[in-house]
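Written out below as structure tokens is the structure these notes cover.
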Amino acid sequence: MRVKIGKYKDGWTGPYQIADWLKLVGVGEDRCEAIGDRLNKTWVRTFCEWIEKRNPGRHQQVKIHIDHWDTWNMSETLAQIIAPMLRQLRKDKHGAPTVDDEDVPEYLRSTSAPAKKNEWDTDENYFLRWDWVLDEMIWAFEQEEGGGNWEDHYHSGELDIQWKEIEHETPDLKPGDTEPMYEMIHGPNDTHIFDRTGYENHLDRMKNGFRLFGKYYLSLWD
């Protein structure tokens with residue numbers, strides 16, 4: 001795989017950038033952020049995107065080449081790209097989308113935050129919800145990043161597998177004829193233990209992180 005994506009030639013003007021212009025007349029940063037959140041849910045964002053799409057000179061230069069081996073283990077390949085991008089977004093982000101209460105723990109929900117002073121204000125957990133969602137996305141993709149050997153943590157002890165020969169009559173043989181078959185059994189030195197509960201809990205958390213990535217994919221912006 002070879003990927004080359006250039007920087008944007010000009011800055012993007014969207015709802016939050018428009019709201020920031022109000023700082024010129026003395027509107028505070030928090031207030032501008034709240035106004036940007038509201039504009040982002042209206043036709044203003046759609047109009048800004050419409051303008052952006054009709055100005056190709058501002059778009060990134062993109063060159064992508066995919067080799068056939070890149071899809072042998074595509075989930076791991078993508079994780080090596082997505083995980084570091086999510087980490088950078090977590091570090092550099094300047095805003096947050098609306099995150100549904102159902103997607104975060106109870107202590108981060110809007111219903112658990114102190115009452116808002118004004119209807120248009122964001123609650124005290126608003127940005128914390130997005131931080132939590134990003135952290136869950138990052139954690140999920142990091143499990144597949146760099147080899148994806150997280151399953152090893154739920155296996156302990158040593159495997160001692162032996163094959164025991166058994167006789168089994170099959171329809172393909174004449175009546176009464178048998179042919180050797182084998183049954184896999186644990187040997188006397190087998191101490192292997194599989195933590196199925198821990199494994200399934202780990203996997204469920206990963207799946208939820210990937211679900212959140214899909215749900216909030218269009219909100220992955222800085």
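Structure values in brief
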| quantity | calculated |
| --- | --- |
| Within the stretch 12-41, considering residues that are touching a residue at least 24 places away in the same chain (Cβ under 8 Å) and polar (S, T, N, Q), the one surrounded by the fewest Cβ atoms within 10 Å (Cβ to Cβ) | T13 |
| Residue tally, condition surrounded by 16 or more Cβ atoms within 10 Å (Cβ to Cβ) and closer than 15 Å to Y217 by Cα, over the stretch 96-107 | 4 |
| Criterion (in a helix (DSSP H, G or I) and either over 28 Å from D135 (Cβ atoms) or in contact with a strand residue (DSSP E or B) (Cβ under 6 Å, 6 or more places away or on another chain) (or both)) met by exactly one of K63, K23, K91 | K23 |
| Pairs where the first residue, in the stretch 53-76, is closer than 16 Å to G146 by Cα and the second is modelled with pLDDT of 75 or more, C-beta under 6 Å, 6+ apart | D70/M1; D70/T77; S75/E144; E76/E144; E76/G148 |
| Verdict on W163 being over 20 Å from L212 (Cα atoms) and touching a residue at least 60 places away in the same chain (Cβ under 8 Å) | no |
| Restricting the stretch 144-159 to residues that are assigned to a loop (DSSP other than H, G, I, E, B) and in contact with an Asp or Glu (Cβ under 9 Å, 6 or more places away or on another chain), the residue that is surrounded by the most Cβ atoms within 10 Å (Cβ to Cβ) | E144 |
| Test: residue in the stretch 108-121 that is within 26 Å of L203 (Cα to Cα), in contact with a Gly (Cβ under 7 Å, 6 or more places away or on another chain) and surrounded by 12 or more Cβ atoms within 10 Å (Cβ to Cβ) | no |
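Here's the yes/no breakdown for (1) touching a Cys at 6+ places or on another chain (Cβ under 9 Å); (2) at pLDDT 85 or above; (3) within 28 Å of Q61 (Cα to Cα); (4) assigned by TED's automatic domain parsing to the domain that holds L218:
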position	(1), (2), (3), (4)
P15	yes, yes, yes, no
L24	no, yes, no, no
G28	no, yes, no, no
A34	no, yes, no, no
D37	no, yes, no, no
K41	no, yes, no, no
V44	no, yes, yes, no
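The values are calculated or read from the model by the stated rules, or taken from the named source; none is laboratory data. Bear in mind the structure is a predicted one, so any value in this text is a computation, not a measurement. In this analysis, Cβ positions are derived from the backbone assuming ideal geometry, glycine residues included, and neighbour counts consider all displayed protein chains.
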